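A short reminder: the numbers here are calculations on the coordinates, not readings from a lab. Computed from a predicted structure; not experimentally measured. Don't worry about glycine lacking a Cβ; one is built from the backbone with ideal geometry, like all the others, and counts go over all protein chains shown.
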Amino acid sequence: MKTKYIWLSYCINCKTPVYGGGRSFHTDLINKKTSGYNIQSAFWCFPNHLGTHVDAPRHFYKDGMTIDNFDPSFWVFKNVALLEVQIPEKGYIIDTKEILPLLINKPELLLIKTGMGSYRHKKVYWDNGPGLGPELGKTLRRNFPSLRAVGIDTISINSWKNQEVGREAHRTFLNPIKGKPFILIEDMDLSQINSQVQIIEVVVLPIRVEGADGSPCTILAKVKHNAEDV
């Protein structure tokens with residue numbers, strides 16, 4: 001199969017799940033008549049950490065980088081690692097023992113697939129999904145200096161049932177160590193990728209709002225299913 005592009009992000013709509021069960025996307029149509037033409041527009045209202053979105057360091061550090069601080073090249077990832085992790089129970093905290101033995105090479109982006117995407121429109125997705133442990137953030141950043149982003153198919157790396165653990169995990173991942181920029185990507189659609197799919201490139205395109213600590217984003221992946229030349 002030849003290379004193709006796929007989405008790794010969800011469309012936003014009024015049913016998009018919200019961490020903690022809060023208010024989701026809302027839209028109001030705006031109809032205008034201008035110079036004899038009927039023009040339709042809309043007013044959108046939604047939290048900035050809705051749907052597939054990026055957490056920037058400012059999310060947990062007042063002096064951390066914001067979405068608009070990053071160079072355009074930062075958002076293009078050539079070396080992407082995918083790890084599929086089995087979740088033994090609801091609210092499970094994924095830590096170093098599941099990740100490190102499987103991670104090789106020098107990834108720029110690590111994608112963690114838990115399978116939670118199949119529960120995305122059920123309460124368990126935001127109420128009792130898995131999260132990432134604080135030690136994992138420290139270990140990954142210490143042992144893989146090329147890594148600058150981690151993405152996951154859960155609503156957050158912060159499990160609703162283990163919020164303090166999740167907050168500490170955010171701090172370890174987003175910590176602006178020696179000025180090195182790092183981001184988290186949450187609520188990704190990883191349903192189309194697995195061990196049989198080669199990820200050639202991933203491009204993350206956040207909505208650029210000045211001073212934003214996070215932003216919804218569109219994500220494209222260039223993939224192929226065999227060893228054909230790119």
Next item on the list: Rank these for me by crowding, Arg171, Arg120, going from fewest to most other beta carbons within 10 Å.
Entry: Arg171, Arg120
Check: What residues qualify as long-range amide H neighbours of Glu201, i.e. H under 5 Å apart, gap of 5 or more or another chain, H built at 1.01 Å from N?
Finding: Lys222
Next item on the list: Under a 10 Å cutoff between Cα atoms, tell me which one of Asp71, Asp55, Asp189 has the largest fluctuation in the Gaussian network model of the chain.
Entry: Asp71
Note to self: Using only Cα atoms and rounding to the nearest 10 degrees, what angle (0 to 90) does helix 134-143 make with the longest principal axis of the chain?
What the structure shows: 70
Note to self: Students often forget the sequence filter, so: which aspartates and glutamates lie under 20 Å Cα-Cα from Lys178 once same-chain residues fewer than 8 apart are removed?
What the structure shows: Asp55, Asp63, Asp68, Asp71, Glu108, Glu135, Glu168, Asp213
Next item on the list: Mind scanning Lys4/Lys62; Lys113/Lys222; Lys15/Lys161; Lys62/Lys161; Lys122/Lys224; Lys2/Lys78 and naming the pairs with a C-alpha gap bigger than 28 Å?
Entry: Lys4/Lys62; Lys122/Lys224
Check: What number, in percent, do you get for the relative contact order of the range 97-160 if the mean sequence gap of Cα pairs under 8 Å and at least 6 apart is divided by its residue count?
Finding: 51
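Note down the relative contact order for the chain as a percent, whole number, built from C-alpha pairs under 8 angstrom at least six residues apart.
On the way: 514 pairs, mean separation 71.6, N = 230.
Reported as a whole number, the value is 31 percent.
Are there GluC sites (Glu not before Pro) in the range 105-211 that DSSP marks as loop and that have at most 14 other Cβ atoms within 10 Å, and which are they? Walk me through the numbers before you get to the answer.
Values: sites: Glu108, Glu135, Glu164, Glu168, Glu186, Glu201, Glu210; in loops: Glu108, Glu210.
Qualifying residues, ordered by number: Glu210.
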Item checked: Residue of Asn38, Asn175, Asn79 that the Gaussian network model of the chain assigns the largest fluctuation, springs spanning Cα pairs under 10 Å -> Asn38
